[in-house]
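Enquirer: Take this structure, written in structure tokens, and hold onto it; I'll ask about it next.
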């Protein structure tokens, strides 16, 4: 895969072509999600660099070692066939990044389910005992949803699990949140300016959407 370059066409199109026929991002109904995972979620040297760049842009950090991010993405959890897009550990923080092309108010509940599995994996891999008389320390959770659907939303929205409770509960005792970040063109421009791979992904997806609206044939992964 080529290094990051100035041309959005060359960069993202190369990824799209290299992931075919498995991903077929341009005409697959989930091309936004699959291309997002291809860019930020793979265990390749280039993807590691882009994942680190995205993390630094979101957190205002300056990590330089891509291997500091320990990928732990769930691919298949048998009893609910659960998958997530990109999850990783860094500096005692458990990060989960999800791409959504449609607004989903159930993301906090889904995040809670995802993280329960991630924490089970973490506890097992680190041989921690939750039945111990000593408190078991776990990484802090951070759940980000990257939204690029057609419905307009503000730059950032905090979705709360308590909004789904059958009875209103403002105590905050059982809260779980998901931060939805709008990455459509014209939104969160500072973030996209800092993170070039995210900007290029957004531009490429936007171009495909515009071409489809005009009736263009998008069966080619590169244009």
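The values are calculated or read from the model by the stated rules, or taken from the named source; none is laboratory data. This is a predicted model, so every value here is computed, not measured. Reconstructed Cβ throughout: ideal geometry from the backbone, glycine too, with neighbour counts over all protein chains shown.
Enquirer: Does at least one position in region 194-201 carry a residue that is within 22 Å of residue 88 (Cβ to Cβ) and over 16 Å from the mean Cα position of the chain (by Cα)?
Expert: Checked region 194-201: at least one residue is within 22 Å of residue 88 (Cβ to Cβ) and over 16 Å from the mean Cα position of the chain (by Cα).
Enquirer: Could you tell me which of the residues 83, 48 is within 24 Å of residue 126 (Cβ to Cβ), at pLDDT below 60 and within 14 Å of the chain's Cα centre (by Cα)?
Expert: Going through 83, 48 in turn, just one is within 24 Å of residue 126 (Cβ to Cβ), at pLDDT below 60 and within 14 Å of the chain's Cα centre (by Cα): 83.
Enquirer: Another one. Just checking, which of 112, 118 is within 23 Å of residue 178 (Cβ to Cβ), touching a residue at least 60 places away in the same chain (Cβ under 8 Å) and surrounded by 10 or more Cβ atoms within 10 Å (Cβ to Cβ)?
Expert: None of the other options fit; the residue is 112.
Enquirer: For residue 55, state whether it is modelled with pLDDT of 75 or more and touching a strand residue (DSSP E or B) at 6+ places or on another chain (Cβ under 9 Å).
Expert: Yes; evaluated as a whole, the condition is true for this residue.
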